[in-house]
Amino acid sequence: VASAKRPSVIWLHFQECTGCTESLLRAEHPTLEKLILDVISLDYHETLFAAAGHQAEAARKDAMKANKGKYLLVVEGAIPIKDKGIYCKVGGQTAVDMVKECAADAGAVVAIGSCASWGGMPSTGGNPTGASSAGEVLGKVIPNIPGCPPNPYNFLSTVVHYLTFGKLPDVDQLGRPKFAYSRLIHDNCERRAHFDAGRFAMEFGDVGHRKGYCLYKLGCKGPETYANCPTILFGDVGCASWPVGTGHPCIGCTEKGVGFSKPIHELA
Ligand code: SF4
Ligand code: SF4
Ligand code: F3S
């Protein structure tokens, strides 16, 4: 993947918690420093930038001009469209205008996280700002790497595929790469035998919970959630696990309309 001229990546942050970037910071193969120093040229990223203010915006514009039609645009966070987009501005520019401007000359656009993929957390509770996905704002299906946060390797694999083959991987009807989001969590869960045998945790901390029984009756959304969490796991440092592995039901964070991707007032 490494080449003399590293491919330019422009990374935008909008309505979000930066957890997606935090997730990527914890990847070990490759590490983030290997990625941004040897593989890609990260030309704009508000969290990781040393520059600030006008310098940062100038770097973005320079990178867009120098890599017109070739740079990879990554969108983290939802984009508020209500009231002409005034609820999120960067350098005086609304998120709506910025994402459209940056997408116009991008070689490819990828949405990272459930906020950018479906609106996520910012779109809950009646969605007062009109928080929308990057795909909705751009008016097209773009590759979505949902999750809150997503697994960093699902994002990195998508980027490496793009850099290696010059195109993005195959996606499902929701724009999610099939290599990561084509299998039900429920079908790969280590608690599945308990589900099939009717052994359930009924309360957090009860005997069933402590014995590792199925979490379905605590609200697990594994039977309706497509993601590779049980097989790829999170965290590389000896204690890799995933939500259900640690005793918490899956909340369906990779799905549109499941868990908090539904407005809060619709949640049970
Ligand atoms: Fe944060 Fe989740 Fe949104 Fe990522 S998807 S920015 S982790 S709220
Ligand atoms: Fe399915 Fe969730 Fe039970 Fe695992 S814990 S078997 S994903 S319902
Ligand atoms: Fe999200 Fe469920 Fe995986 S909550 S991280 S899709 S186990």
Residue 82-residue 104 FRET efficiency (beta carbon distance; Förster radius 35 Å; 0.05 resolution): 0.95
Gain upon complete extension [residue 25, residue 56; 0.36 nm per residue less C-alpha separation]: 9.1 nm
Reachable lysines from residue 61, criterion Cα separation under 29 angstrom, eight or more residues apart if same chain: 5, 34, 70, 82, 84, 89, 100, 140, 167
Over the chain: helical MRE at 222 nm, DSSP H runs n ≥ 4 each giving -39500 (n - 2.57), nearest 500: -7000 deg cm²/dmol
Those Cys residues of the chain for which no other cysteine Cβ falls under 4.7 Å: 17, 20, 88, 102, 115, 189, 214, 220, 229, 239, 250
C-alpha long axis of helix 53-66 to longest principal axis of the chain, angle in °: 80
Normalised contact order of the range 169-220, rounded percent, pairs of Cα under 8 Å and 6 or more residues apart: 24
0 to 90° range, to nearest 10: angle between helix 152-165 axis and the chain longest Cα axis: 50
Relative contact order of the range 183-266, defined on C-alpha pairs under 8 angstrom at six or more residues apart (%): 28
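Of all the accessible heavy-atom surface of the range 111-268, with the other protein chains kept in place and a 1.4 Å probe, what percent is carbon and sulfur?
Its accessible area is 56 percent carbon and sulfur atoms.
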Computed E for residue 93/residue 246 - FRET, C-beta separation, R0 45 angstrom, nearest 0.05: 0.65
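Would you mind getting the accessible area per residue of the range 8-179, heavy atoms of the protein chains only, 1.4 Å probe, in Å²?
About 43 Å² of surface per residue is accessible.
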FRET E, pair residue 34, residue 193, Förster distance 41 Å, beta-carbon r, rounded to 0.05: 0.55
Degrees, to the nearest 10: 95-104 long Cα axis against longest axis of the chain: 70
Within straight-line cross-link reach of residue 211, lysines at Cα separation under 27 Å, skipping those fewer than 8 residues along the same chain: 221
Accessible area per residue, Å², the range 183-266 with all protein chains present, probe 1.4 Å: 54
Rounded to 5, percent antiparallel among DSSP beta bridges of the chain: 35
Cα shape, the range 8-179, gyration tensor, a/c 1.5 rule: rounded
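Restrict the search to the range 16-119; then list the trypsin sites (Lys or Arg not before Pro) that DSSP places in a loop and that have at most 15 other Cβ atoms within 10 Å of their Cβ.
Working: sites: 26, 34, 60, 61, 65, 68, 70, 82, 84, 89, 100; in loops: 26, 68, 70.
Here the trypsin sites (Lys or Arg not before Pro) that fit, given the DSSP loop and packing criteria, are 26, 68, 70.
The values are calculated or read from the model by the stated rules, or taken from the named source; none is laboratory data. Since the structure is predicted, the reported quantities are computational estimates derived from the model, not experimental observations. Using ideal geometry, Cβ is built from the backbone for each residue, glycine included, and neighbour counts are taken over all protein chains shown. Note: areas computed on protein heavy atoms with side chains; ligands, DNA, RNA excluded. Shrake-Rupley method; radii C 1.70, N 1.55, O 1.52, S 1.80 Å.
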